[in-house]
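A.B. asks: Here it is, the structure, as structure tokens.
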Amino acid sequence: MLTIPGSVAVVTGASSGIGRELALELAATGATVVALARREDRLASLTEQLRRSTPESGYVVCDVSDTDHFVDVLSRLEADRGRIDILINNAAISEPDGEGVEPYRRLMETNYFSVVAGTLTVLPGMRSRGCGAVVNVSSDTARAPTPGEPGYSASKAAVSAFTEALSFETEGDGVHLHVLYPGWVPTEMTQPDGRADPHRPPKFVRRTPHQVARLVVSRLGQRRLELDATKVARIAPVARALFPSAYRRGVRASLRT
Ligand SMILES: NC(=O)c1ccc[n+]([C@@H]2O[C@H](COP(=O)([O-])OP(=O)(O)OC[C@H]3O[C@@H](n4cnc5c(N)ncnc54)[C@H](OP(=O)(O)O)[C@@H]3O)[C@@H](O)[C@H]2O)c1
């Protein structure tokens, strides 16, 4: 049974947004947190805050799209800290600019292959201890792809499918895989200039980073695969499956408003 106080948690993409809040919430609940991202200044100031809750918390600068380096970082952390009980694969980038296949390949390296690499690296240790949790952060675009985000939607669909398929193999091992659907959250990804977008989604799908972090921490290690920050977002895939033509008309209409 996973207990957060005293556990060792690794959070990728912890330098901003949802990942930063998840790191703080885990530390506040008693986990020793190791924060990963590329921007060291952000990680250093976050770590000061984490250490007020759990003094052994720290950070490692890591570009998760370099999967060899990411695997090496996780393996060294596991050796140094004795174990990794919780891994939150949160780091991601949004739809790439540029032409041709390469931008999409780079997107998949960050958003999908890092998730595969991280999950496969920590699973053996968790299985041998009979305890652990991995949260792979997906998006509602995985279940209802968003116009204008073909690469991002595909990367998140891959994250969801990978995690769900693998979760059947870990059942009974004491290891819980989760897929997180955060709803729409104001972060650097969704509001790069920091200003509220007048076209942001309606209130019922909006959540704060803190609300998402609290949901995750309250559900970690439970049997539930999918962690939904907003229940209503589950309606879109159902409507898409049952009424595909009407659903597409609705999506097109929403683009014109
Ligand atoms: N915000 C939303 O509405 C929303 C909705 C659905 C899903 N999500 C998902 O939630 C997660 C967090 O997103 P967010 O909204 O909090 O965005 P964010 O504030 O832009 O955070 C993204 C984080 O990922 C890190 N990152 C990006 N590329 C990286 C790389 N190659 N190596 C290591 N770290 C990397 C960034 O740090 P550095 O730049 O310092 O590396 C940053 O800390 C993502 O998986 C996103 O797809 C967000």
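A.B. asks: Quick check on my filter: what residues within the range 146-177 are outside any helix (DSSP H, G or I) and touching a residue at least 40 places away in the same chain (Cβ under 8 Å)?
C.D. replies: Result: PRO147, GLY148, GLU149, ASP173, GLY174, VAL175, HIS176, LEU177.
A.B. asks: With respect to the numbered conditions (1) surrounded by fewer than 16 Cβ atoms within 10 Å (Cβ to Cβ); (2) in a helix (DSSP H, G or I), which one is the sole condition not fulfilled by VAL115?
C.D. replies: The one condition VAL115 does not meet is (1).
A.B. asks: So, MET189, is that one in a helix (DSSP H, G or I) and closer than 19 Å to VAL216 by Cβ or not?
C.D. replies: So MET189 fails the test.
A.B. asks: Quick check on the range 156-200: of everything there that is more than 8 Å from the ligand (Cβ to nearest atom) and among the hydroxyl-bearing types (Ser, Thr, Tyr), which residue is surrounded by the fewest Cβ atoms within 10 Å (Cβ to Cβ)?
C.D. replies: Out of the qualifying residues, it is THR170.
A.B. asks: Filter the range 212-241 down to residues that are within 14 Å of the chain's Cα centre (by Cα) and either within 12 Å of the ligand (Cβ to nearest atom) or in a loop (DSSP other than H, G, I, E, B) (or both), then give me how many there are.
C.D. replies: So the answer is 8.
A.B. asks: So how many residues does the range 36-93 have that are of a type in the set (A, V, I, L, M) and near the ligand (Cβ under 8 Å from one of its atoms)?
C.D. replies: 7
A.B. asks: Looking only at the range 130-145, count how many residues are touching a residue at least 60 places away in the same chain (Cβ under 8 Å) and away from the ligand (no atom under 14 Å from the Cβ).
C.D. replies: So the count comes out to 3.
A.B. asks: Additional query: Across the range 29-50, what is the total count of residues that are small (Gly, Ala, Ser) and closer than 17 Å to ALA92 by Cα?
C.D. replies: 2
A.B. asks: Going through the range 72-112 one residue at a time, which ones are closer than 19 Å to CYS131 by Cα, of a type in the set (A, V, I, L, M) and crowded, with 18+ Cβ neighbours inside 10 Å?
C.D. replies: Answer for the range 72-112, where residues must be closer than 19 Å to CYS131 by Cα, of a type in the set (A, V, I, L, M) and crowded, with 18+ Cβ neighbours inside 10 Å: LEU74, LEU77, ILE84, ILE86, LEU87, ILE88.
A.B. asks: I would also like to ask the following. For PHE204, indicate whether it is assigned to a helix (DSSP H, G or I) and at pLDDT below 95.
C.D. replies: Against the criterion (assigned to a helix (DSSP H, G or I) and at pLDDT below 95), PHE204 qualifies.
A.B. asks: Does the range 1-39 hold any residues that are out of contact with any helix residue (DSSP H, G or I) (no Cβ under 7 Å at 6 or more places or on another chain) and among the charged types (D, E, K, R), and which are they?
C.D. replies: ARG38, ARG39
A.B. asks: Testing VAL61 on (1) under 17 Å from the mean Cα position of the chain (by Cα); (2) farther than 17 Å from VAL134 by Cβ, one condition comes back false. Which one is that?
C.D. replies: All conditions pass for VAL61, except number (1).
A.B. asks: What are the pairs with Cβ atoms under 6 angstrom where one residue, in the range 1-20, is farther than 11 Å from TYR59 by Cα and more than 9 Å from the ligand (Cβ to nearest atom) and the other, located anywhere, is outside any loop (DSSP other than H, G, I, E, B) and basic (Lys, Arg)? Sequence gap at least six, or different chains.
C.D. replies: Here the result reads VAL8/ARG81, each pair linking the range 1-20 to a residue that is outside any loop (DSSP other than H, G, I, E, B) and basic (Lys, Arg).
The values are calculated or read from the model by the stated rules, or taken from the named source; none is laboratory data. Keep in mind that what you see is a predicted model, and the values were worked out from it rather than measured. As a convention, Cβ positions derive from the backbone with ideal geometry for all residues, glycine included, and neighbour counts pool all protein chains shown.
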